[in-house]
1. Can you pull the one-decimal nm distance between simple spin-label points at His135 and Glu3, each 7 Å off the Cα toward Cβ?
2. Kindly state, to the nearest 0.05, the FRET efficiency for Arg288 paired with Arg209, given R0 = 45 Å and r defined as their beta-carbon distance.
3. Taking neighbour Cβ counts within 10 Å as the exposure measure, how do Glu143, Glu357, Glu78 sort from fewest upward?
4. Which one of Tyr153, Tyr167, Tyr322 has the biggest mean-square fluctuation once the chain is modelled by GNM with Cα springs under 10 Å?
5. How much of the pair distance distribution for the stretch 176-281 lies past 18 Å, counting alpha-carbon pairs only, in percent?
6. Compute the acute angle (0 to 90°) between the alpha-carbon long axis of helix 47-58 and the principal axis of greatest extent of the alpha-carbon atoms of the chain; round to the nearest 10°.
7. Counting Lys and Arg as +1 and Asp and Glu as -1, what is the net charge of the other residues whose Cβ lies under 11 Å from the Cβ of Gln123?
8. State, to one decimal in nm, how far the label point of Lys226 lies from the label point of Asp95, with both points 7 Å from Cα in the Cβ direction.
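Please treat every number below as a calculation from the coordinates, not as lab data. None of these values were measured; they are calculated from a predicted model. With ideal geometry, Cβ positions are generated from the backbone for all residues, glycine too; neighbour counts draw on all protein chains shown.
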Amino acid sequence: MIEEADIQAVADTIRSGWLTMGSEVAAFEQEFAQRLGASHAVAVNSCTAALHLGLEAMGLKAGDEVIVPAMTFTATAEVICYFGAKPVFVDIQADTHCMDPELLQAALTSRTRAIMPVHYAGQPADMDEIMAFAHAHDLRVIEDAAHALPARYHGQMIGTIGDITAYSFYATKTLAVGEGGMAVTHNEAWAERMQIMRLHGMSRDAWRRNLRGGSWDYEVLAPGFKYNMTDPAAAMGRVQLQRLDTMAALRRRIDQKYRTLLDPDLLECLEQKSDRESAYHLFVIKLRHGAAAERNKLITDLEEEGIRVSVHFRPLPLHPAYAGLTTSPQSYAVARQVWERMMSLPIWPQMTDEMVERVAHTVNRLAAKV
Ligand SMILES: *Cc1c(COP(=O)(O)O)cnc(C)c1O
């Protein structure tokens, strides 16, 4: 949610005359890393860019394989394809929609280099099991935390567990600047590589060249990318970072209210694990009775009542782009089964009790009829 303070921060930044990556980005990176308890944060223009740079820093090569959950946004898998490497899909758990760590062994080959867990809807995946498997097989772990700011697993902040963690500040996410992202890591060499590669592979960015005593000269160390964040976006991010806990508490309250109001005979919610804290990015429901036809009808009926829902996400192997990659329907059987029955209800921090009640009662009434 945009507040007056966000607008003020952006306006001040524009008035400063420095429009691209500068002191606001540097301050946002520092404050973000500090907030999570991470060593390094590298600001970019999307989570997709953060995931791409993360894999690049780790040295992913053509022909390598990376394990991803079957139910996620295309960005998680597309960045693997950028390298000529292969996303290998594993099925999800029916109760959390996170990657099922029991299935990692079957997905492992001699070409596997990394695992990319997604903290679905904001609730952390089974990180103990995933990290243990990665250590046992010398794999890197790069977390897609696009939904999971802020979230905790066994008391530990997401962003401090895997090797690299990627965040999204896209318009709909829990911290939203329009377009933006962040990669955080404990590894200094990877952080430096990501800093260089986000701006054309240049040894010194424009802000640092502009500082007093900064040199006008730079070298291109590698053919890089144009992935940097801008100062107006960072200024907005800094303001929202200060309200992160307040906004998360508001989301949590809405989540709990939905759970008490929705009819458990008709609708199933995601399981909330007591050993982790969600960022409550999405509120996902599944029809207990029925499949795709009933789900589709419920979505249409809700739209007629002015309630807009969405579906996160059609399993990737069910998209033409990835269909050819998957050898067995078994590798996404659960994802497919839950996808047919599910949808995401509106959830945003400023949603009033009356709004939540109206949505929940309308969903109950219409779900009884499909
Ligand atoms: C939104 C999202 C992304 C992509 O974020 P961008 O900042 O738009 O690149 C990646 N993964 C998941 C799971 C997402 O929901």
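1. My value for the distance between the label points is 4.0 nm.
2. 0.15
3. Lowest count first: Glu357, Glu78, Glu143.
4. Maximum among the listed residues: Tyr322.
5. 69
6. 60
7. Value of the local net charge: -3.
8. 4.9
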